[in-house]
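Undergrad: The structure is given below, and queries will be raised subsequently.
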Number of protein chains: 2
Amino acid sequence: MATSVPEPVRRLPRAQRREQILAAATQAFARAGFASTSLDDIAVEAGITKVILYRHFESKTDLYQAVLDRVCALLATHVGQQVGEFTEASIDGLLAAAAAEPAGFRLLFQHAAREPEFRALTDRFRTEIHDIAHVQIKAVVADSAWAQWASHLAPTVAIEAVIAWLDAGQPDPAQAADRIRAAIGGVIAAAARSTMDHITLVPDRPGSGGPV
Amino acid sequence: MATSVPEPVRRLPRAQRREQILAAATQAFARAGFASTSLDDIAVEAGITKVILYRHFESKTDLYQAVLDRVCALLATHVGQQVGEFTEASIDGLLAAAAAEPAGFRLLFQHAAREPEFRALTDRFRTEIHDIAHVQIKAVVADSAWAQWASHLAPTVAIEAVIAWLDAGQPDPAQAADRIRAAIGGVIAAAARSTMDHITLVPDRPGSGGPV
DNA sequence: ATCGTTGTTGACGTCAGAGTGTAGTACTGC
DNA sequence: GCAGTACTACACTCTGACGTCAACAACGAT
C-alpha cells in the first residue's frame with residue numbers, strides 16, 4: 001500500500017529521506033488525523049519501518065508538528081510573507097498552496113483544526129481571515145451579532161471552498177479565486193441584507209450573474 | 001469538572017441514567033472526537049465511574065454509536081420525517097436541531113464526519129442536501145465542474161453556517177434560516193456567474209441586498 | 001425495619017501502540 | 001582495497017486505555 005516506492009529502495013540521503021517521511025506522514029495523517037494514525041501506518045506508507053522514523057524525529061508529536069510546520073510554511077509562502085498581511089488576493093495563495101499539497105491542506109484545516117493541541121496553528125490563519133473580514137463586514141452589517149456570524153463563517157467558507165475545489169478536480173485555477181471571493185461576498189451579503197428581503201435558492205435569471 | 005451534578009447524586013432510574021450518560025458523552029466526544037476521548041473522561045463528565053458505562057453500553061464504540069444515533073434521530077425529527085425529503089425549508093430544522101443540542105450537532109458534523117468508521121451517518125444528511133442542491137444547481141450552472149463544486153460546497157456551507165450561528169450566540173432564529181439560505185444562494189451564484197464578471201468582497205451599496 | 005434490587009466502586013487482566021536497544025549492510029574517503 | 005560512517009531492520013520493553021470482576025452502599029416494597 002506504500003504509495004511512494006514499489007521496490008525496496010535503500011540508502012536515501014538524510015534530507016531526502018526526511019522529506020519522503022514528511023510527505024508520507026502527510027498522506028497518512030490526512031486520512032484519519034493524529035490519534036487514529038499509528039507510526040506503523042506511517043512507516044508502511046513511507047516504505048520503511050517504525051525505527052527509522054525515530055532516527056529523523058524525536059516522537060510522534062514531533063513528527064506531526066514537523067508535518068504541520070511544513071504545510072504552514074508552504075501556506076505562508078503562497079499566501080504572503082508577513083503575518084497580518086492577509087487580503088482578498090490571498091485567496092489565490094490559498095488555492096496555490098492547496099494545489100501544491102492537497103493532503104497537507106486537508107490535514108491542516110480538517111484534522112489539525114479539531115485537535116486541541118494543534119489547533120493554534122490553523123487558528124493563526126483563521127484569525128487573519130477573520131480579522132480582515134470583520135473589518136469589512138462591520139462596515140456593511142449593522143447588527144453586530146450577524147457581523148460576528150459572517151466573520152466566523154467567511155474564513156470557513158474560504159477554506160471549504162478551496163477543499164471543494166480540490167474535490168471537483170481543480171477546474172480552471174484562474175477563475176477559482178474569483179468564484180470563491182464571490183461566494184464569500186454572498187455570505188457577507190446574506191449577513192448584510194435587511195430583514196425584509198426574501199431570497200430564492202435559485203436565482204430568477206439563471207446565469208445573469210448580477211451584483212452580489 | 002462534571003457539568004451535570006455538583007453533589008454525589010446516586011440511584012437514578014435506569015433510563016434517566018442512560019440519558020445522562022448519553023448527554024455527558026455527547027459533551028465529552030464533542031471536544032476531541034472518538035479516538036482522543038477516553039472512557040474515563042466520559043465517566044468523569046457524567047460524575048460516575050467507568051464501570052457504570054459498561055452497565056449501560058456494550059463498548060466504547062457502542063456508546064459512541066448510541067450518541068450519534070440519538071443526534072441523528074433528533075436531527076431527523078427536526079428536519080423531516082422521511083429520508084430524501086430535504087428541501088430548502090429543512091434549514092429551519094437544522095437550526096432547531098442545532099439549538100436543541102449544540103454539542104451533538106458539532107460532534108456529528110465536525111468529528112464524526114472525519115472518522116471513517118462513522119462517516120456514513122453524516123454522509124446521509126450531506127448527500128441529501130447535495131442531491132437537492134445539485135438538481136437546482138445543474139439548471140443554472142453550465143460548467144459541470146463548477147456545478148459539482150457548488151454541490152459539494154452548499155451542504156458544507158449550510159452546516160458551517162449553522163455552527164457559526166451557534167458561535168455567534170444564536171441571534172434571532174426567525175431570520176437565521178433566511179440568511180443561511182441567502183448565503184447558500186450566494187455560493188450558487190458564485191458558481192453560476194459568467195467568467196467575465198468581477199466581484200468586490202464588499203458590496204458596492206451596503207445593505208442594498210440586491211438579487212443574489 | 002428489613003430484604004432484595006440496583007447502582008456504585010477500586011483493583012485487575014489484556015492488548016494495541018509508542019518508544020528503544022543490538023545487529024547488519026551499503027555508501028564514502030584514504 | 002579498507003575502514004569509518006550512517007542508514008536500515010528485527011526483537012524487545014513499557015505505558016496507557018479498553019474492558020472485567022468481586023465487594024459495598026443506597027433506595028423501594030412489604
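Undergrad: When a/c is below 1.5 the answer is rounded, else prolate if a/b is larger than b/c, else oblate, so apply that to segment B:29-122 with a ≥ b ≥ c taken from the square roots of the Cα gyration tensor eigenvalues.
TA: Here segment B:29-122 falls in the prolate category.
Undergrad: Between B:T49 and the same site in the other copies, what are the distances in nm, shortest first, taking label points 7 Å from Cα along the C-beta direction?
TA: Result, one decimal in nm: 4.2.
Undergrad: Something else about it: Can you list the lysines whose alpha carbon sits under 25 Å from that of B:K60, skipping same-chain ones fewer than 8 residues off?
TA: Filter leaves A:K60, B:K50.
Undergrad: Over the whole of B:167-174, what's the average partner chain Cβ count within 10 Å per residue? Rounded to a whole number, please. It would help to have the intermediate numbers written out before the result.
TA: Working: counts 5, 12, 3, 2, 6, 4, 0, 1.
Taking all residues of B:167-174 together, the mean is 4.
Undergrad: Shielding of A:108-115 by partners, i.e. mean partner chain Cβ atoms within 10 Å per residue?
TA: What the average comes to for A:108-115 is 2.
Undergrad: Something else now. So, in nm, how far is label B:A100 from label B:V135 when the simple model puts each one 7 Å beyond its Cα toward the Cβ?
TA: 2.5
Undergrad: Could you give each residue of segment A:158-166 its phi-based ³J(HN,Hα) in whole Hz, using Karplus coefficients 6.51, -1.76, 1.60 with θ = phi - 60°, and x for Gly or Pro?
TA: 4, 5, 5, 5, 5, 5, 5, 5, 4
Undergrad: Next question. Report the normalised scattering of segment A:27-84 as log10 I(q)/I(0) at q = 0.14, 0.16, 0.20, 0.26 Å⁻¹, calculated by the Debye formula with identical scatterers on the alpha carbons.
TA: Calculated log10 I(q)/I(0) at the listed q: -0.45, -0.56, -0.77, -1.06.
Undergrad: Restricting attention to segment B:101-177, which GluC sites (Glu not before Pro) occupy a DSSP loop and are surrounded by at most 15 other Cβ atoms within 10 Å?
TA: Listed in order of number, the matching sites are B:E117.
Undergrad: How much net charge surrounds B:H78 when only other residues with a Cβ under 12 Å from its Cβ are counted (Lys, Arg +1; Asp, Glu -1)?
TA: Residues near B:H78 contribute -2 overall.
Undergrad: Still on this structure, I have one more. Can you tell me the FRET efficiency between B:Q65 and A:E117 if r is taken as the Cβ-Cβ distance and R0 is 35 Å, rounded to the nearest 0.05?
TA: It comes to 0.85.
Undergrad: With labels modelled as points extended 7 Å from the Cα through the Cβ direction, what inter-label distance (nm, one decimal) is found for B:D172 paired with A:T127?
TA: Output for this residue pair reads 3.2 nm.
Undergrad: Right, another one. Rounded to whole angstrom, how close does the nearest chain B beta-carbon get to the axis mapping B onto A, and which residue is it?
TA: It is B:G186, 1, counting Cβ atoms only.
Taken together, the values in this text are just the output of simple stated rules run on the coordinates, not laboratory data. Bear in mind the structure is a predicted one, so any value in this text is a computation, not a measurement. Here the Cβ is made from the backbone with ideal geometry for all residues, glycine too, and neighbour counts use every protein chain on show.
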